[in-house]
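Data first, discussion second: the structure below is written as structure tokens.
The values are calculated or read from the model by the stated rules, or taken from the named source; none is laboratory data. Just so it is clear, the structure is predicted and the values come from calculations on it, not from any experiment. FYI the Cβ positions are ideal-geometry reconstructions off the backbone, even for glycines, and counts take in every protein chain you see. These accessible areas exclude ligands, DNA and RNA; they are computed on the full protein's heavy atoms, side chains included. Shrake-Rupley method; radii C 1.70, N 1.55, O 1.52, S 1.80 Å.
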Amino acid sequence: MIWAALFITLLNMGVSGQATPPKIDAPTVEPPTWNDQIGSIIETRCVTCHAPGRSGPFSLATSDAVQNRATFLIEVIEAGRMPPWLPRAGVFEHQRTIPASEVSAIRAWRDGGSPIGEGPPKILVAAVDGAFQTDLVLQMPAAYEIPEESDPAWHSGELDVHGVNFPLQNSAPLKVRAIRHVAAAPRAMKVAAFAFDTTGTGRYLDDRDSRVGFLMGGDAGLRPVGADGMILNGSGDFRLPVGFHLPVERGSDLVAQFQYRPTGKVERLQERIELELVPEDQESRPVRWLPLAVGRVQIDAEVVKTYTSKEIVLEGAVDLVGLSPRAIEICKSLWVDAVFPSGVRKRILEIPDWDHHQRETYVPVTPIRLSAGTTLMASFLLDNTSENPRNPDDPAVPIRRGRRTGVLNVIAQVAAVEPEFDDVFVAWRDRISQAFMRP
Amino acid sequence: MCIITLLLISIVVGTGPSAQSEQGQSGGTIESIEQVEETSPPREGTPLPTLSQARLAEFKLADTTGAARGLFDQDGPDLVVVAMISTTCPIANASIPEIRRLHDAVKKVGGRFFVVHPMVATTAESASLHARERQLEMPVLLDPQQQLVREFKATVVPEVFILTRSDVAWTLRYRGPFDNLYAEIGRRRRNATKAYARDVISQIVTGRPVPVAKRPAVGCLIEKVGKGSP
């Protein structure tokens, strides 16, 4: 193979050398090979999802599979579409970006005739998400059928979501530090959002609906779904940093909202959720949800408008360990700002091109300390024009939504630094959330 | 979608006065002024692409059983619809229900409908499994040498080609997406709000002009075989 590559290079030089003066500025570098470079780039950047049984629509585990669509892959990477990763700023866990040098390497490989290199072509292996210790397994008892295409009757409501109540019936409080979602139809499943529930809302909705689970929904009382994390299917587990946990009261249920996307054929939704608990002897702080939310949206057709959540001023210091955005499909971009007591303003999350189907909880690699007196707010740019291709209505229609629909919010997952503040946090937070959950 | 389907069927089946009923319905919005301006309809004097019967008759592609099939037979009907898809492109797969609806519409008016797989890696086995899984009942053909791809200058899947014949020439009346489910890659509507291809079939059948002959197809790039050769 090396010989072949050299031969081609020489040949090219020979041909061009005769007709035109030799180009001095074009270095005749040998293209990278599949075995020495390209395979491992694709393996780390793509194969976690693009492998059999994973979320990606096709496998990229072999050199043939990559070669046969190389131009398309390069195009989609350069468009910023793959690997899927929405935030612009910040350093988060599972940060899926690909450096420009690697994209150039893939292009050079394709242009150089996709050489394999020494030995047989490497078969790529999908990485298994790190050590997950399964302490509890929750499984849907039966499948819900995802139709082959969305039902147009649902246009203006939230669509393509299915709620499921998983009874936990825990006799003692639990400290959950990681959640794993195993999708039955990985290519149809997009996002799973969670809320631990003691109000019985999930059970009530489940009982009322004759199918497995229930249509839409997933908010548990005042607790919006996503309060306890969201996972983009294929992106790995939701895991809190060491020293933090989601507190689960005794007798809870886990309410999950599964957001899917029809694939053109009927698929099964029969999800499994696994929970990992903090070991008994380990110190850890409870993580609480704090809504940065817009309670009511009223936007006329053909209007572009920015909504900003109520400003929340922290009464005590917290560590921010997660940001979980949720916004209706006409949302174009969203961002979260923190204004510190010193007056310094910092953008802690920025999503320039929002995609409702690619959201997840963004976990900062190191928790962000927010001192008492810090103001938090989330902003959402809505584009309710007919030209917005994500507008489910064409032509656009006026949108009036509010009350519990959680149309626009970013849930900040935070842990009080001082135990005293945690003691008052929940009451304080509930007062804040009343405003948008029960306007 | 049900309502739209029913409407179109009634248009396609019953010609004449009933065709008027389409005006103002969702199928009719395609002819709104802004649509026509935005995609520049074929102006007078810009001829539509035509291909001779003799040339197209050469096109024989293997179906999933390996048998060679002609797409544009001399003694076949004057309406042929070719849907280029792939087994793995999520955009093509999301269009499968619409492909079936379009197939029904074409069958009802006596036209022929073919699914063609232009992707290098598609095998007879994978194409036939795909067709079975997704209940595609029309002939499914493979174009591993990309002959039809070159003839149609196709670049992505999915794309639909609607051709009609008069005398010995075929005219490409429409090429582009089936509908507006995708505005671009990654920008998918929940449901399409315009059924471009089915509208074209009804325009052809009722003898009305087809206002937009070409729309940009959105989908997965077709990797060309034999790169390097001119």
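Taken over the range B:184-206, the residue count meeting the criterion of being open to solvent by 30 Å² or more (accessible area, probe 1.4 Å) and within 16 Å of B:L48 (Cα to Cα) is 1. Note on the range A:239-302: enclosed strands (runs of 3 or more DSSP E) holding 1 or more residues that are within 14 Å of chain B (Cβ to nearest Cβ) are A:253-260, A:267-269. Which members of the range A:120-135 meet the condition of being open to solvent by less than 50 Å² (accessible area, probe 1.4 Å) and modelled with pLDDT of 95 or more? Selection gives A:L124 alone. Restricting attention to the range A:215-238 and to residues that are assigned to a strand (DSSP E or B) and closer than 27 Å to B:P90 by Cα, the residue that is most open to solvent (accessible area, probe 1.4 Å) turns out to be A:L215. When A:G113 is tested against (1) open to solvent by 50 Å² or more (accessible area, probe 1.4 Å); (2) in a helix (DSSP H, G or I); (3) within 14 Å of another protein chain (Cβ to nearest Cβ), just one condition goes unmet, and that condition is (2).
Checking each residue in the range A:181-220 for being under 17 Å from A:S433 (Cβ atoms) and more than 23 Å from the chain's Cα centre (by Cα) picks out A:T198, A:T199, A:T201.
Residues in the range A:303-325 that are in contact with a helix residue (DSSP H, G or I) (Cβ under 8 Å, 6 or more places away or on another chain), under 22 Å from A:V365 (Cα atoms) and assigned to a strand (DSSP E or B): A:V318 alone. Residue selection: A:K175 satisfies the criterion of being at pLDDT 95 or above, farther than 29 Å from B:N191 by Cβ, in contact with a Pro (Cβ under 7 Å, 6 or more places away or on another chain) and not assigned by TED's automatic domain parsing to the domain that holds A:I41.
Counting only strands (runs of 3 or more DSSP E) that fall entirely inside the range B:104-214 and contain at least 1 residues that are closer than 25 Å to A:R261 by Cα, the qualifying elements are B:112-117, B:159-166, B:169-176, B:182-184. All conditions in (1) more than 30 Å from A:P84 (Cβ to Cβ); (2) over 12 Å from the mean Cα position of the chain (by Cα); (3) touching a residue at least 40 places away in the same chain (Cβ under 8 Å) hold for B:V149, with the sole exception of (1). Please go through the range B:215-226 and pick out each residue that is hydrophobic (A, V, I, L, M, F, W, C), within 9 Å of another protein chain (Cβ to nearest Cβ) and either assigned to a loop (DSSP other than H, G, I, E, B) or crowded, with 20+ Cβ neighbours inside 10 Å (or both). Hits for the range B:215-226 are B:C220, B:I222.
Checking each residue in the range A:358-414 for being of a type in the set (V, I, T) and either in a loop (DSSP other than H, G, I, E, B) or within 14 Å of chain B (Cβ to nearest Cβ) (or both) picks out A:T361, A:V363, A:V365, A:T366, A:T374, A:T385, A:V397, A:T405, A:V407.
Restricting attention to the range A:69-97, the residues that are out of contact with any Asp or Glu (no Cβ under 6 Å at 6 or more places or on another chain) and either more than 12 Å from chain B (Cβ to nearest Cβ) or in a helix (DSSP H, G or I) (or both) add up to 19.
Exactly one residue out of A:P364, A:P352 is within 15 Å of the chain's Cα centre (by Cα), under 24 Å from A:R223 (Cβ atoms) and of a type outside the set (S, T, N, Q), and it is A:P364.
Considering the range B:108-128, and only residues there that are in contact with a Lys or Arg (Cβ under 9 Å, 6 or more places away or on another chain) and away from every other protein chain (no Cβ under 14 Å), the residue that is nearest to B:P77 (Cα to Cα) turns out to be B:F113.
Scanning the range B:73-90 for residues that are open to solvent by 20 Å² or more (accessible area, probe 1.4 Å) and either within 14 Å of chain A (Cβ to nearest Cβ) or over 17 Å from B:F59 (Cβ atoms) (or both) yields B:T87, B:T88, B:P90. As for the range A:187-194, it holds at least one residue that is of a type in the set (V, I, T) and under 27 Å from A:V426 (Cβ atoms). Residues that are in a helix (DSSP H, G or I) and in contact with a strand residue (DSSP E or B) (Cβ under 6 Å, 6 or more places away or on another chain) within the range B:88-103 comprise B:I91, B:A92, B:I99, B:H103, listed in sequence order.
Matching residues to (1) surrounded by fewer than 23 Cβ atoms within 10 Å (Cβ to Cβ); (2) modelled with pLDDT of 95 or more:
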residue: A:D281; (1), (2): yes, no
residue: A:S284; (1), (2): yes, yes
residue: A:R296; (1), (2): yes, no
residue: A:D300; (1), (2): yes, yes
residue: A:V304; (1), (2): yes, yes
residue: A:K310; (1), (2): yes, no
residue: A:V318; (1), (2): no, yes
residue: A:L323; (1), (2): no, yes
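Return a yes/no flag: does the range B:171-178 have any residue that is open to solvent by 10 Å² or more (accessible area, probe 1.4 Å), within 14 Å of chain A (Cβ to nearest Cβ) and charged (D, E, K, R). No, there is no match, as no residue in the range B:171-178 is open to solvent by 10 Å² or more (accessible area, probe 1.4 Å), within 14 Å of chain A (Cβ to nearest Cβ) and charged (D, E, K, R).
Evaluate the following for A:E329: is it charged (D, E, K, R) and open to solvent by less than 10 Å² (accessible area, probe 1.4 Å)? No, not satisfied. Reported count of residues in the range A:350-373, each being β-branched (V, I, T) and surrounded by fewer than 21 Cβ atoms within 10 Å (Cβ to Cβ), is 3.
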